[in-house]
Every structure is written in structure tokens, then in C-alpha cells.
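Have a look at the structure below before the remarks.
The values are calculated or read from the model by the stated rules, or taken from the named source; none is laboratory data. None of these values were measured; they are calculated from a predicted model. Virtual Cβ from ideal backbone geometry, glycine too; neighbours counted across all protein chains shown. These accessible areas exclude ligands, DNA and RNA; they are computed on the full protein's heavy atoms, side chains included. Shrake-Rupley method; radii C 1.70, N 1.55, O 1.52, S 1.80 Å.
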Amino acid sequence: MSSIKAPVDATTTPEWAALQAHHDELVAGGFCLKDAFASDPERVSRLSFDMDDLHFDLSKNLVDEKTVGLLCDLARAVGLEERRDAMYAGEHINTTEDRAVLHTALRRPASEAGTVFDRDQDCVADVRAELERMYAFAERVRSGEWKGVTGKRIEHLVSIGIGGSDLGPVMVYEALKPLADAGIDCRYISNIDPNDMAEKVKGLDPETTLVIIVSKTFTTLETLTNAREVRAWMLEQLRAQGAIDGSDEQNAEAIRRHFVAVSTALNLVADFGIDPENAFGFWSWVGGRYSVDSAVGLSLIVVFGPERFECFLRGFHDLDEYFQKTPLEKNVVALMGLLNVWYVNFFGAESHAVLPYNQYLHRFAAYLQQLTMESNGKSVRWDGSPVTSATGEIFWGEPGTNGQHAFYQLIHQGTRMIPADFIAFVNTPNPNKDGDQDVHELFLGNYLAQTKALAFGKTADEVRAEGTAEWMVPARVFEGNRPTTSIFGVDLTPHALGELIALYEHITFVEGTVWGIDSYDQWGVELGKQLAKQITPAFHDDEALAAQDASTQALIQYYRAHRK
């Protein structure tokens, strides 16, 4: 085990007991957001925060001034600030893998070279050196200097990865699409399901397509399977179009001109046919779900350009600095993480909705699912002992207003408390009007209305005053008191998006620290991978089939009987 000291059991601290007593007092006293707003004219200003491009309103959460103080007391009791500083400094807080956790080093400016080390490696200097290599490569592609095997410039990227090597780049690509300015689009292949690859290469011209294979070890089953399939597709299509003759020499040249890698396994990259000079790496202290701002984001650098990627990195770094330097009571990043603990451990909330009122963020919830649930879906603490409280929550969501016509019913009138983050931006790159109505303002009206309705609800008397029949009144009552946080940005820029991603990275860290878990390993994904390797031969091998459990055997027999 790493030398990191054992976690504090938060549930045994006086601070936890004080929070529990406070929770019980609020519930017994019938804490009501409507009354809290009416009795405290300073509530909104006291619970609102500004951080560069983003404005946060926490006033519609089930807290008062005392709650905030008690949550910060708990954070100090478990050593949140000390663990945060240890992470930033490169201590090996990932205990089960004995690794540093230094995604924050990925976005430090070059001027901070020589300030963060891991096993004598100057992390910032190495990051900046790799970035310069990627920037130079991206400019060659964007300018048309890099050409395919027939001399045509690149117009399409296909990025192949899975998990953190896919979710982050896809989300950012979709979020910043209006800023793509090089005439290059990108398609992302992740699922081993052959349908994914088939749909993503459909309609592509191989002569103008560049493929990026993203796998740190260059052994990831799904990624390498898809990479080999795309390689076969590429060579077959180039031969069919007369671009190459199918000889070993021309095949090898086509692969060199149409494939690059994000990997540190240079020998395996070369075996695949990729020139190791066109491989870009990252380090063991970067977890996959924290890697979008590393070489994993190579497709983003090509599509959006180095300057915008630098703005993206600055957004991350600005929020990193804010989280590290702002006192807890004024630190909205820490407070949002502590609020999640408040709802999970004291109110029994089991899920958390993230609801962006921006269609470009339609993959943001999917990205957060890996970030949060792979990080904090743990039942043992970082010293191997069992957890002593509930951990993690199910993160989910869809963009508004689509979600309003789908699952908001459950959030408004269901029996479960579902804390929700509502995210929107003041400006849109696509302003439009419906007659005299500004459509973006209509959209934002919905954003504001939902949090108002969730907080303040609608009483039976208000329903009756509308002339509703008495028997129908209960169905139309909204009890309110449903907690939400509003995040309002100016524009969805690379800088703002970097801030938004870093926000949730650190929210995840805050929760994990309180729960005493290692948020940076993911052993839970391993068993299924191992079993898949054992089961796959059983589709055709009777001996392998006989080794399976009865349910698995029956399902494989069904497959054998119906496969065409």
C-alpha cells in the first residue's frame, strides 16, 4: 500500500453527528425553501458564486447558513484540504495502483515546469513537450501539408477508443462543434458491436480519412479489434478505388499515411504499421476518465486547432487554482461536492440529474457517468477496509427541453429526491426568432422555470384557485422543496467547457475524500473483461461451453440455434 495515511471514518466524527442532528432538526421543523427565501433577503447573494465564465446559484438547495458551516467542518475533519494539496503535489493517493493522480498537471502552463514531479519525472515539462508535438502534427493536418496516400488533404478523422479514450473527446467535439474551422469532421468508434464501426465509416472517402487509435497500452480489446477492422476497411476501399495495388509495400505506406496512435506502447504501434513518430503518449498518473486534456484529445486539437485547445486547458487550470486557493466556505467547487454528500448520506438520495439547457452538451451526462460512477462506485476505502456509509450516486440526464417531456415528471412529483444541476449559457451561436419571440430566451425561460417550480411548487389552494375540481387537486399539487443548483455561463467556449469539466472532476474528488475511497482506480471493470475472454470460445467450443454456468450455457445454446 502507498504511504498515504488511512482515511478518517467520517461517520465517527463529531462533525458527522452534528450534521445528522442538524438534518433531523431541519426535517422536524419542516424546512421549506419558500419560507427560507421569504425570511432571508440575503439568501441568494450569500449562496451565489462567480468563477470566471460561470455563475453558480446554490440558493435552491436544502440548506441554511448553518448547513454550509457544518459541511465545511466535516470537510476539514476528514482532511479534504490536505488530501487536495497532496493530489496536486503528486503524492500517490491512488493507493491500490501506487500512482500519483496528476490530471491537474496536464493543464499547468509551461512556466510551471519544474514544480511537479513523479518519480523524478518533470510532469509539466513532459506534458508541454508532448503538447508541442501534437500541435505541430495538428497544424500539418489542418493546413493540408499532411496528405493521404493519393496526395489528397485530410477531410475526415476517425478516432477509435473506448471509455475515457472516447467519452471525453466525443463530448467535447459535440460541445464545441460551432468552432470547428478546418473543414475536418470527426467520427468516434468505441463499441465492439460491428454496427458501430459500420455506421461510422459509412460514406467516408478513405483517401481523405485519417484514423487515430487511442489506447495507452495498445492492447485494449475493443479498441484494437475496431482498429484492425478499420484498417481492413481502409485497405480494401483504397484497393477498390485504385489508390493502391494491394502489395505489401503500398499497404504499408497507406497505413503510415492514414493511421496515427495515442499510445506509449511504441513497439505495438510499430507492429500495427504506424510510424512511432506519429504516436503521442500520456502517463500512468493520468486516469482514462481524466484524460481528455491529454493526448487523448488529439482529435480535438486537429479539429479545433492548438489555440482553442490552449484556451480549453486554461479553463481547467483556472478552476484547479480556484479550488486549491479558495476557502471552503466560499469555494463553490467544494460546496457542490459536499452538497452531494449531504443528499446521499443524510437524505438518502440515490441519483443525481445533470440537465444542460444546451443541445451541444447532449453527451455531457454520459461523460459524467464514467467520471463519477467509475470513480466513486466503491464499497471499500483506500486502505482496503469496508466503507461506513453509502457512496456514489447514479449520475444521469438529458438536455432540456427534451427531458421535460420525458422524465421530469419523476423529479417534480415522484417519491424520490433527485438533486439536479441545471446548466445553461446566456448566449447562443445560433440565435433565431419565431416571429417576434427570441427562441433562445424562450429556451432559457424553461431553464429558469424548472428550478423555480422544483423549489417552490404549487399548493392545493393555488390549484383550487384555478377552478380545478376538488377530486383532481391532489394530482396537480407540486410539493416543491426539490433541490437544484443553477450553473449559468456567458458562452459555451473552450475555456468555459474546461472549467465545467474540472468542476465535476473536483466534485468527484470531494465526495471520495469524505467517503474515504480511492476515486482513481477501477477494479470493478476487470472481472467482466476476464470472463469475456473465457466465454467467447464457448460459442463454438463444446469443452469451453461445458465449463460455464447453467444460465450462460443456455444462452449460448440459444445463440447457436438462431445464429444465421
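Quick notes
- Every residue from the range 272-301 that is small (Gly, Ala, Ser) and either assigned to a helix (DSSP H, G or I) or more than 27 Å from the chain's Cα centre (by Cα) (or both): Gly273, Gly288, Ala295, Gly297, Ser299
- Take the conditions (1) out of contact with any Ser or Thr (no Cβ under 8 Å at 6 or more places or on another chain); (2) modelled with pLDDT of 95 or more; (3) open to solvent by less than 60 Å² (accessible area, probe 1.4 Å); Ala532 misses just one of them, which is (2).
- Breaking point among (1) out of contact with any Asp or Glu (no Cβ under 9 Å at 6 or more places or on another chain); (2) charged (D, E, K, R); (3) crowded, with 16+ Cβ neighbours inside 10 Å, for Arg140: (3)
- Conditions (1) of a type in the set (A, V, I, L, M); (2) open to solvent by less than 10 Å² (accessible area, probe 1.4 Å); (3) assigned to a loop (DSSP other than H, G, I, E, B): number failed by Val269: (3)
- Condition check for Leu210: open to solvent by less than 70 Å² (accessible area, probe 1.4 Å) and assigned to a strand (DSSP E or B): yes
- Subset of the range 229-257 that is open to solvent by less than 30 Å² (accessible area, probe 1.4 Å) and of a type in the set (A, V, I, L, M, F, W, C) - its residue that is farthest from Thr209 (Cα to Cα): Ile244
- Listed by first and then second residue, the pairs with beta-carbon distance under 9 Å, at least 6 apart or on different chains, first residue in the range 440-465 and at positive phi, second among the acidic types (Asp, Glu) and open to solvent by 90 Å² or more (accessible area, probe 1.4 Å), are Gly457/Glu479.
- Tally, over the range 164-200, of residues that are charged (D, E, K, R) and on the phi > 0 side of the Ramachandran plot: 0
- The condition of being buried (at least 22 other Cβ atoms within 10 Å of the Cβ) and more than 23 Å from Asp521 (Cα to Cα) holds for only one of Leu361, Leu371, Leu410, that being Leu361.
- Just one residue in the set Ala38, Ala18 is surrounded by 13 or more Cβ atoms within 10 Å (Cβ to Cβ), part of a helix (DSSP H, G or I) and out of contact with any His (no Cβ under 7 Å at 6 or more places or on another chain); that residue is Ala18.
- When Thr104 is tested against the conditions (1) open to solvent by less than 10 Å² (accessible area, probe 1.4 Å); (2) touching a Ser or Thr at 6+ places or on another chain (Cβ under 7 Å), the lone failure is (2).
- Any hit, the range 203-218, residues being more than 19 Å from Met134 (Cβ to Cβ) and without any contact (Cβ under 8 Å) to a residue 40 or more places away in the chain: yes
- Of the residues making up the range 279-332, those that are more than 30 Å from Cys72 (Cα to Cα) and free of Cβ contacts under 8 Å to residues at least 12 places away in the same chain number 2.
- Residue within the range 422-443 that is in a loop (DSSP other than H, G, I, E, B) and surrounded by 14 or more Cβ atoms within 10 Å (Cβ to Cβ) present: yes
- Residue match in the range 453-461 (condition: at pLDDT 95 or above, part of a loop (DSSP other than H, G, I, E, B), loosely packed, with under 15 Cβ neighbours inside 10 Å and not basic (Lys, Arg)): no
- The set of residues in the range 323-366 being in a loop (DSSP other than H, G, I, E, B) and not hydroxyl-bearing (Ser, Thr, Tyr) consists of Pro327, Asn331, Phe347, Gly348, Ala349, Glu350, Asn358, His362, Arg363.
- Qualifying residue in the range 54-74 (condition: open to solvent by 50 Å² or more (accessible area, probe 1.4 Å), modelled with pLDDT of 95 or more and part of a loop (DSSP other than H, G, I, E, B)): no
- Filtered by the rule that a residue be open to solvent by 80 Å² or more (accessible area, probe 1.4 Å) and either acidic (Asp, Glu) or within 28 Å of Pro399 (Cα to Cα) (or both), the range 463-482 gives Glu466, Glu470, Arg476, Glu479.
- Unmet requirement for Pro327, which otherwise passes all of (1) open to solvent by less than 60 Å² (accessible area, probe 1.4 Å); (2) over 27 Å from Tyr173 (Cβ atoms): (1)
- Of residues in the range 213-228 being open to solvent by 20 Å² or more (accessible area, probe 1.4 Å) and part of a loop (DSSP other than H, G, I, E, B), the one farthest from Lys529 (Cα to Cα): Lys216
- Of residues in the range 182-225 being among the small types (Gly, Ala, Ser) and in contact with a Leu (Cβ under 9 Å, 6 or more places away or on another chain), the one farthest from Gly163 (Cα to Cα): Ser215
- Here Glu145 fulfils each of the conditions (1) touching a residue at least 40 places away in the same chain (Cβ under 8 Å); (2) surrounded by fewer than 21 Cβ atoms within 10 Å (Cβ to Cβ) apart from (1).
- Subset of the range 109-127 [open to solvent by 30 Å² or more (accessible area, probe 1.4 Å) and assigned to a loop (DSSP other than H, G, I, E, B)]: Pro109, Ala113, Gly114, Thr115, Arg119, Asp120
- Which listed residue, of Glu145, Glu199, Glu130, is modelled with pLDDT of 95 or more, over 18 Å from Val230 (Cβ atoms), of a type in the set (D, E, K, R) and part of a helix (DSSP H, G or I): Glu130
- Unmet criterion (only one of (1) touching a residue at least 40 places away in the same chain (Cβ under 8 Å); (2) farther than 30 Å from Tyr520 by Cβ) for Ser39: (1)
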